[in-house]
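The values are calculated or read from the model by the stated rules, or taken from the named source; none is laboratory data. Keep in mind that what you see is a predicted model, and the values were worked out from it rather than measured. A quick note on method: Cβ atoms are made from the backbone with ideal geometry, for glycine too, and the neighbour counts reach across all protein chains shown. With ligands, DNA and RNA removed, areas are computed over all heavy atoms of the protein, side chains included. Shrake-Rupley method; radii C 1.70, N 1.55, O 1.52, S 1.80 Å.
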Amino acid sequence: MDSPPDEASAIKQFQLLMEAVDEPLKTVYEIVHQGYPKETLARFLKARDWNVPKAHKMLIDTLEWRMQNEIDSILMKPIVPSDLYRAIRDSQLVGLSGFTREGHPVLAVGVGLSTYDKASVNYYVQSHIQMNEYRDRVVLPCATKKFGRYIGTCVKVLDMTGLRLSALSQLKLLTVISTIDDLNYPEKTETYYIVNPPRIFSACWKVVKPLLQERTRRKVKVLQGYPKDELLKIMDYSALPHFCRGEGSGSSSGSDNGTVDDCFSLDHTFHQQLYEYIKHQALLVDSSLVKQGSVHVTFPEPEPEDAKIAKDIESELLSLGDSKNGLVGVMKGLNLSGRWKGLF
């Protein structure tokens, strides 16, 4: 179940606990909830199976993490020069292609073709957090206003095209990003649509699916074959990610009005607006843009056991090639509790 019968009671208890926190945390909390505290409390309660003390600790930890890492000002820190940011966009494929008919932002992620090899881990983490913050502080509030009701979640379309075992060489970075999302941005995704899954993903999914919580499992839809028809049930054609249109859309494709259709590209309207927004915010606090340098965000280091698992997975899977049976055998040995479940 997503919520217990006494959902209102749990939220009320949580509210009372939050009213007792120190003023600095309350200020950060206001930025997090964006005027919708009850909905925010419900997100953290869902993430901790409606256990109020655990949800309270999770939210306090998030607020302290934000203070320690100056997350509230991260949208004032552009990644410069622009060539570096373009390289990051070319290797960390993510973008906003539009909105569903119900108003949920459609976030596309190129899982299979992302290489994460053009910058340091810190830059990729900075980029990821900036997109999270822009989503929560700009995109979702705009959607809420436009559609006349609270919209606090998005839909993600994960493109598995090109997924290879070699992608697991980025397992540590993916773990970092997943950990940040799991601990600090819980329950922000309405549905995950997996499209163009190759055989390697199918083998993984058969093992992983039974290990996920029922709440998470219900959010994931694996679309075999041609995904456009299924996605068009919830969004218009104009909101489809370019890789779901079946027309050979690529990074150089453009629409009739001259805009770039590839939502991963820095030249796409979403990324242009995001980058301009960050540069504008930077200028509000300084007459010159910040010097080149990544933002260093702290994140939990993998526990010794997790670190060993990650190393073993990487070395063993890279040596397996396309051996489906071997892949499944290794995946069975993976403990997906805690942070690891966020990877799948």
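Couple of notes before you dig in:
- Segment 129-141 residues that are over 15 Å from Phe99 (Cβ atoms) and touching a residue at least 12 places away in the same chain (Cβ under 8 Å), paired with ones that are among the acidic types (Asp, Glu) and surrounded by fewer than 19 Cβ atoms within 10 Å (Cβ to Cβ) (beta carbon under 9 Å, 6 or more apart): Asn132/Asp181; Glu133/Asp72
- Scanning segment 197-216 for residues that are open to solvent by less than 50 Å² (accessible area, probe 1.4 Å), touching an Asp or Glu at 6+ places or on another chain (Cβ under 8 Å) and more than 26 Å from Arg48 (Cβ to Cβ) gives a single hit, Ile200.
- Verdict on Gly162 being in a loop (DSSP other than H, G, I, E, B), touching a residue at least 24 places away in the same chain (Cβ under 8 Å) and surrounded by fewer than 16 Cβ atoms within 10 Å (Cβ to Cβ): yes
- Set Ala108, Ala143: member being farther than 19 Å from Glu30 by Cβ, within 14 Å of the chain's Cα centre (by Cα) and among the small types (Gly, Ala, Ser): Ala108
- Neighbours by Cβ (under 7 Å, 6+ apart or cross-chain): first from segment 21-46, under 18 Å from Arg149 (Cβ atoms); second of a type in the set (A, V, I, L, M, F, W, C): Lys38/Ile11; Thr40/Val32; Ala42/Ile11
- Test: residue in segment 146-155 that is assigned to a helix (DSSP H, G or I), open to solvent by 10 Å² or more (accessible area, probe 1.4 Å) and polar (S, T, N, Q): no
- Meets criteria (open to solvent by less than 10 Å² (accessible area, probe 1.4 Å), among the aliphatic types (A, V, I, L, M) and at pLDDT 95 or above) for Ala42: no
- Any hit, segment 185-192, residues being within 18 Å of Gly95 (Cα to Cα), modelled with pLDDT of 90 or more and open to solvent by 30 Å² or more (accessible area, probe 1.4 Å): yes
- Answer residue from segment 32-56, given it is among the β-branched types (Val, Ile, Thr) and under 22 Å from the mean Cα position of the chain (by Cα) and is nearest to Met67 (Cα to Cα) among those: Val32
- Scan of segment 217-247 for residues that are open to solvent by 40 Å² or more (accessible area, probe 1.4 Å), in a helix (DSSP H, G or I) and touching a strand residue (DSSP E or B) at 6+ places or on another chain (Cβ under 8 Å), ordered by number: Glu230, Ser238
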